[in-house]
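Take a look at the structure below.
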Amino acid sequence: DQQVKQNSPSLSVQEGRISILNCDYTNSMFDYFLWYKKYPAEGPTFLISISSIKDKNEDGRFTVFLNKSAKHLSLHIVPSQPGDSAVYFCAASENTGNQFYFGTGTSLTVIP
Amino acid sequence: NAGVTQTPKFRVLKTGQSMTLLCAQDMNHEYMYWYRQDPGMGLRLIHYSVGEGTTAKGEVPDGYNVSRLKKQNFLLGLESAAPSQTSVYFCASSYSLAGGPDEQYFGPGTRLTVT
(Lines give C-alpha, C1' and ligand atoms only; values in the text may rest on other atoms or scores of the structure.)
Protein backbone atom coordinates (compact mmCIF):
# COMPACT_ATOMS: atom_id res chain seq x y z
CA ASP A 1 0.00 0.00 0.00
CA GLN A 2 1.31 3.44 -0.96
CA GLN A 3 2.53 5.17 2.20
CA VAL A 4 3.22 8.46 0.42
CA LYS A 5 0.63 9.80 -1.98
CA GLN A 6 0.57 12.60 -4.50
CA ASN A 7 -3.00 12.70 -5.68
CA SER A 8 -2.52 15.23 -8.48
CA PRO A 9 -0.69 13.64 -11.42
CA SER A 10 -0.35 16.99 -13.17
CA LEU A 11 -0.58 20.74 -12.59
CA SER A 12 -0.44 23.70 -14.97
CA VAL A 13 0.40 27.22 -13.77
CA GLN A 14 1.03 30.53 -15.48
CA GLU A 15 4.53 31.96 -15.27
CA GLY A 16 4.89 34.28 -12.28
CA ARG A 17 2.05 32.70 -10.33
CA ILE A 18 2.30 30.34 -7.36
CA SER A 19 2.59 26.57 -7.84
CA ILE A 20 1.36 24.41 -4.96
CA LEU A 21 2.17 20.72 -4.99
CA ASN A 22 0.64 18.47 -2.36
CA CYS A 23 1.70 15.25 -0.67
CA ASP A 24 -0.03 13.07 1.93
CA TYR A 25 1.39 10.26 4.00
CA THR A 26 -0.10 7.53 6.14
CA ASN A 27 2.79 6.41 8.36
CA SER A 28 2.85 8.47 11.57
CA MET A 29 6.45 7.36 12.17
CA PHE A 30 7.68 9.45 9.23
CA ASP A 31 9.52 12.50 10.46
CA TYR A 32 11.79 13.56 7.64
CA PHE A 33 10.49 14.70 4.26
CA LEU A 34 12.13 15.71 1.01
CA TRP A 35 11.10 17.06 -2.37
CA TYR A 36 12.89 16.05 -5.54
CA LYS A 37 12.64 17.49 -9.02
CA LYS A 38 13.05 15.33 -12.11
CA TYR A 39 13.54 16.33 -15.73
CA PRO A 40 12.95 13.77 -18.53
CA ALA A 41 15.81 11.30 -19.07
CA GLU A 42 17.59 12.50 -15.92
CA GLY A 43 17.74 11.30 -12.34
CA PRO A 44 15.86 13.13 -9.59
CA THR A 45 17.67 16.03 -7.94
CA PHE A 46 17.17 17.14 -4.36
CA LEU A 47 15.18 20.33 -3.91
CA ILE A 48 14.30 20.95 -0.27
CA SER A 49 13.69 19.03 2.95
CA ILE A 50 11.91 19.43 6.27
CA SER A 51 12.02 17.54 9.54
CA SER A 52 9.07 17.07 11.83
CA ILE A 53 10.40 19.52 14.40
CA LYS A 54 9.56 22.31 11.93
CA ASP A 55 6.39 23.25 10.10
CA LYS A 56 8.04 25.36 7.42
CA ASN A 57 11.32 25.47 5.55
CA GLU A 58 12.23 28.02 2.92
CA ASP A 59 14.92 28.13 0.26
CA GLY A 60 14.67 30.95 -2.21
CA ARG A 61 11.52 30.53 -4.31
CA PHE A 62 10.75 27.17 -2.70
CA THR A 63 8.92 26.68 0.59
CA VAL A 64 7.79 23.41 2.11
CA PHE A 65 5.02 23.32 4.70
CA LEU A 66 4.39 20.38 7.02
CA ASN A 67 1.11 19.69 8.83
CA LYS A 68 1.83 16.71 11.06
CA SER A 69 -1.68 16.37 12.44
CA ALA A 70 -3.08 16.12 8.91
CA LYS A 71 -0.11 14.05 7.67
CA HIS A 72 0.21 16.49 4.81
CA LEU A 73 3.00 18.50 3.25
CA SER A 74 3.05 20.94 0.40
CA LEU A 75 5.66 22.59 -1.80
CA HIS A 76 5.12 26.20 -2.83
CA ILE A 77 7.02 27.71 -5.73
CA VAL A 78 6.80 31.49 -6.01
CA PRO A 79 7.10 32.90 -8.59
CA SER A 80 6.87 29.95 -10.96
CA GLN A 81 9.21 29.94 -13.94
CA PRO A 82 9.15 27.89 -17.18
CA GLY A 83 12.35 26.13 -16.04
CA ASP A 84 10.38 24.75 -13.09
CA SER A 85 8.46 22.50 -15.49
CA ALA A 86 9.36 18.99 -14.31
CA VAL A 87 8.03 16.07 -12.29
CA TYR A 88 8.14 16.64 -8.53
CA PHE A 89 8.38 13.75 -6.08
CA CYS A 90 7.91 13.92 -2.35
CA ALA A 91 9.65 11.33 -0.17
CA ALA A 92 9.45 10.42 3.51
CA SER A 93 11.54 8.53 6.01
CA GLU A 94 11.64 7.70 9.68
CA ASN A 95 14.39 9.64 11.44
CA THR A 96 16.22 6.46 12.35
CA GLY A 97 15.39 4.66 9.13
CA ASN A 98 17.39 3.86 6.04
CA GLN A 99 14.56 3.81 3.55
CA PHE A 100 12.80 6.61 1.77
CA TYR A 101 9.27 6.12 0.48
CA PHE A 102 8.42 8.11 -2.62
CA GLY A 103 5.14 9.43 -3.93
CA THR A 104 4.03 8.86 -7.51
CA GLY A 105 5.00 12.34 -8.64
CA THR A 106 3.24 15.47 -9.94
CA SER A 107 4.09 16.80 -13.38
CA LEU A 108 4.26 20.60 -13.24
CA THR A 109 3.96 22.68 -16.39
CA VAL A 110 4.66 26.40 -16.12
CA ILE A 111 3.13 28.22 -19.08
CA PRO A 112 5.08 31.27 -20.33
CA ASN B 1 33.61 15.00 -9.85
CA ALA B 2 31.18 12.79 -11.77
CA GLY B 3 28.74 12.20 -8.88
CA VAL B 4 26.70 9.05 -9.46
CA THR B 5 27.12 7.22 -12.76
CA GLN B 6 25.21 4.22 -14.11
CA THR B 7 26.16 1.69 -16.76
CA PRO B 8 24.57 0.92 -19.21
CA LYS B 9 22.08 3.69 -20.10
CA PHE B 10 19.84 1.39 -22.14
CA ARG B 11 19.48 -2.36 -22.48
CA VAL B 12 17.08 -4.80 -24.11
CA LEU B 13 16.96 -8.34 -22.73
CA LYS B 14 15.07 -11.45 -23.68
CA THR B 15 13.09 -13.25 -21.00
CA GLY B 16 15.40 -15.50 -19.00
CA GLN B 17 18.60 -13.64 -19.78
CA SER B 18 20.76 -12.21 -17.03
CA MET B 19 22.54 -8.90 -16.65
CA THR B 20 24.26 -6.66 -14.15
CA LEU B 21 23.72 -2.93 -13.74
CA LEU B 22 26.68 -1.01 -12.39
CA CYS B 23 26.47 2.07 -10.18
CA ALA B 24 29.52 4.09 -9.20
CA GLN B 25 29.85 7.15 -6.96
CA ASP B 26 32.89 9.32 -6.29
CA MET B 27 31.56 11.21 -3.27
CA ASN B 28 32.75 8.71 -0.63
CA HIS B 29 29.13 8.08 0.41
CA GLU B 30 28.40 5.27 2.82
CA TYR B 31 24.85 4.55 1.67
CA MET B 32 23.82 3.38 -1.77
CA TYR B 33 20.39 2.46 -3.15
CA TRP B 34 18.72 0.88 -6.17
CA TYR B 35 15.23 2.03 -7.18
CA ARG B 36 12.92 1.23 -10.02
CA GLN B 37 10.50 3.73 -11.51
CA ASP B 38 7.33 2.55 -13.21
CA PRO B 39 4.45 4.63 -14.59
CA GLY B 40 2.01 5.56 -11.83
CA MET B 41 4.17 3.92 -9.16
CA GLY B 42 6.80 6.48 -8.31
CA LEU B 43 10.21 5.29 -7.16
CA ARG B 44 10.34 1.99 -5.29
CA LEU B 45 13.36 0.79 -3.36
CA ILE B 46 14.77 -2.57 -4.49
CA HIS B 47 17.85 -3.02 -2.31
CA TYR B 48 20.20 -0.76 -0.42
CA SER B 49 23.57 -0.84 1.31
CA VAL B 50 24.71 0.95 4.45
CA GLY B 51 28.40 0.35 3.79
CA GLU B 52 30.97 -1.74 1.97
CA GLY B 53 30.14 -5.43 2.23
CA THR B 54 26.56 -4.89 3.44
CA THR B 55 23.22 -5.17 1.63
CA ALA B 56 19.58 -5.11 2.68
CA LYS B 57 16.18 -5.61 1.05
CA GLY B 58 13.88 -2.75 0.20
CA GLU B 59 10.22 -2.72 -0.84
CA VAL B 60 10.50 -4.80 -4.03
CA PRO B 61 13.59 -7.07 -3.82
CA ASP B 62 12.26 -10.22 -5.52
CA GLY B 63 14.08 -11.20 -8.70
CA TYR B 64 17.11 -9.00 -7.94
CA ASN B 65 20.44 -9.45 -6.18
CA VAL B 66 23.01 -6.86 -5.21
CA SER B 67 26.63 -6.66 -4.13
CA ARG B 68 28.76 -3.92 -2.57
CA LEU B 69 32.31 -5.23 -2.74
CA LYS B 70 33.80 -1.75 -2.95
CA LYS B 71 32.53 1.37 -1.23
CA GLN B 72 32.19 3.28 -4.49
CA ASN B 73 30.32 0.57 -6.43
CA PHE B 74 26.88 -1.00 -6.05
CA LEU B 75 25.85 -3.72 -8.50
CA LEU B 76 22.29 -4.81 -9.28
CA GLY B 77 21.86 -8.24 -10.83
CA LEU B 78 18.94 -9.81 -12.65
CA GLU B 79 19.53 -13.57 -12.79
CA SER B 80 16.57 -14.45 -15.02
CA ALA B 81 14.90 -11.39 -16.49
CA ALA B 82 11.11 -11.21 -16.73
CA PRO B 83 8.90 -8.74 -18.65
CA SER B 84 7.70 -7.40 -15.27
CA GLN B 85 11.23 -6.10 -14.73
CA THR B 86 10.90 -3.69 -17.65
CA SER B 87 11.48 -0.38 -15.93
CA VAL B 88 13.82 2.56 -15.43
CA TYR B 89 16.39 1.82 -12.75
CA PHE B 90 17.97 4.55 -10.66
CA CYS B 91 20.93 4.29 -8.37
CA ALA B 92 21.41 6.77 -5.53
CA SER B 93 23.90 7.45 -2.76
CA SER B 94 23.99 9.48 0.45
CA TYR B 95 26.24 10.29 3.37
CA SER B 96 26.28 8.20 6.52
CA LEU B 97 22.94 8.29 8.27
CA ALA B 98 24.42 8.24 11.77
CA GLY B 99 22.56 11.44 12.43
CA GLY B 100 19.44 10.46 10.56
CA PRO B 101 18.32 10.39 6.91
CA ASP B 102 20.06 12.57 4.36
CA GLU B 103 19.37 13.70 0.83
CA GLN B 104 20.16 11.22 -1.88
CA TYR B 105 22.11 11.89 -5.05
CA PHE B 106 20.76 10.04 -8.07
CA GLY B 107 22.34 8.71 -11.21
CA PRO B 108 20.85 9.35 -14.67
CA GLY B 109 19.03 6.01 -14.84
CA THR B 110 19.13 2.81 -16.89
CA ARG B 111 16.18 2.03 -19.15
CA LEU B 112 15.70 -1.74 -19.28
CA THR B 113 13.26 -3.53 -21.58
CA VAL B 114 12.62 -7.25 -21.22
CA THR B 115 10.87 -8.85 -24.20
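Descriptive notes on the structure:
- B:VAL88 vs. criteria touching a Lys or Arg at 6+ places or on another chain (Cβ under 6 Å), of a type in the set (A, V, I, L, M) and either within 29 Å of A:PHE30 (Cβ to Cβ) or at pLDDT below 95 (or both): yes
- Qualifying residue in segment A:20-31 (condition: more than 18 Å from A:GLN2 (Cβ to Cβ), within 10 Å of chain B (Cβ to nearest Cβ) and of a type in the set (A, V, I, L, M, F, W, C)): no
- Some residue of segment B:36-50 being away from every other protein chain (no Cβ under 12 Å), in contact (Cβ under 8 Å) with a residue 24 or more places away in the chain and in contact with a Lys or Arg (Cβ under 6 Å, 6 or more places away or on another chain): no
- First in segment B:64-77 and assigned to a loop (DSSP other than H, G, I, E, B), second anywhere and among the charged types (D, E, K, R), Cβ under 8 Å, 6 or more apart: B:ARG68/B:GLU52; B:LEU69/B:GLU52; B:LYS70/B:GLU52; B:LYS71/B:GLU30; B:LYS71/B:GLU52; B:GLN72/B:ASP26
- Residue check for A:PHE46: buried (at least 20 other Cβ atoms within 10 Å of the Cβ), within 13 Å of chain B (Cβ to nearest Cβ), of a type in the set (Phe, Trp, Tyr) and under 21 Å from B:GLN104 (Cβ atoms): no
- Residues of segment A:27-81 satisfying the condition of being of a type in the set (Ser, Thr, Tyr), without any contact (Cβ under 8 Å) to a residue 40 or more places away in the chain and farther than 14 Å from A:PHE102 by Cα: A:THR63, A:SER69
- Any hit, segment B:68-77, residues being buried (at least 16 other Cβ atoms within 10 Å of the Cβ), modelled with pLDDT under 95 and either aromatic (Phe, Trp, Tyr) or closer than 23 Å to A:LYS37 by Cα (or both): no
- Test: B:LEU76 is in contact with a Lys or Arg (Cβ under 7 Å, 6 or more places away or on another chain), more than 11 Å from chain A (Cβ to nearest Cβ) and among the aliphatic types (A, V, I, L, M): no
- Qualifying position, being assigned to a strand (DSSP E or B) and either among the small types (Gly, Ala, Ser) or under 22 Å from A:PRO112 (Cβ atoms) (or both), among A:LEU21, A:LEU66, A:LEU34: A:LEU21
- Here is the figure for segment B:13-35: residues that are outside any loop (DSSP other than H, G, I, E, B) and either within 11 Å of chain A (Cβ to nearest Cβ) or more than 21 Å from A:GLY103 (Cβ to Cβ) (or both) total 12.
- Summed over segment B:27-40, residues that are of a type in the set (D, E, K, R) and closer than 16 Å to B:LEU75 by Cβ total 1.
- Count of residues meeting criterion [at pLDDT below 95 and either more than 14 Å from the chain's Cα centre (by Cα) or among the polar types (S, T, N, Q) (or both)] in segment A:15-41: 7
- Filtered by the rule that a residue be of a type in the set (Val, Ile, Thr), surrounded by fewer than 16 Cβ atoms within 10 Å (Cβ to Cβ) and either touching an Asp or Glu at 6+ places or on another chain (Cβ under 8 Å) or within 8 Å of another protein chain (Cβ to nearest Cβ) (or both), segment A:60-108 gives a lone residue, A:THR96.
The values are calculated or read from the model by the stated rules, or taken from the named source; none is laboratory data. Here the structure is a predicted model, which means the values were calculated and not measured. Heads up, the Cβs are rebuilt from the backbone with ideal geometry, glycines too, and the neighbour counts pull from every protein chain shown.
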